[in-house]
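Remarks on the structure that follows.
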Amino acid sequence: MKITFPKRFLLLKGFVLLFLGISILWSVIFLIWNFTEIDHGIVALATVFMIGLFYDIGTVSFFALIGSLYFLAMPKRLICLNHL
């Protein structure tokens, strides 16, 4: 069973994936930058990354909520999907 994503939400989907990708990239950069000051255990690192991912998902969900309400409220003719 394939779940389809309506075309009007493609921009929102791209924003969410870009936001989460950049936040993970920043986490890795900060990990490398402060590598001597952190706990080097795999469980500790995984815990920190999971807490950060949970926080980032919560943050992007507020932006996505506003965007999804906009895309739901606007008629299809006002969203300019002619090029898709």
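Readers should treat all values here as calculations from the given coordinates under stated rules, not as data from a laboratory. Computed from a predicted model, the values in this text were never measured in an experiment. Heads up, the Cβs are rebuilt from the backbone with ideal geometry, glycines too, and the neighbour counts pull from every protein chain shown.
Mind giving me the FRET efficiency for Ile38 and Tyr70? R0 is 35 Å, r the Cβ-Cβ distance, nearest 0.05 is fine.
Values: r = 40 Å, r/R0 = 1.14.
So, using R0 = 35 Å, E works out to roughly 0.30.
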Subject >> Whole-Hz couplings from phi, Karplus 6.51/-1.76/1.60, listed for segment 37-50; x for Gly and Pro >> reply: 9, 10, 6, 8, x, 5, 5, 5, 5, 5, 5, 5, 5, 5
Subject >> Rg over Rh [alpha-carbon atoms, Kirkwood Rh] for segment 1-65 >> reply: 1.11
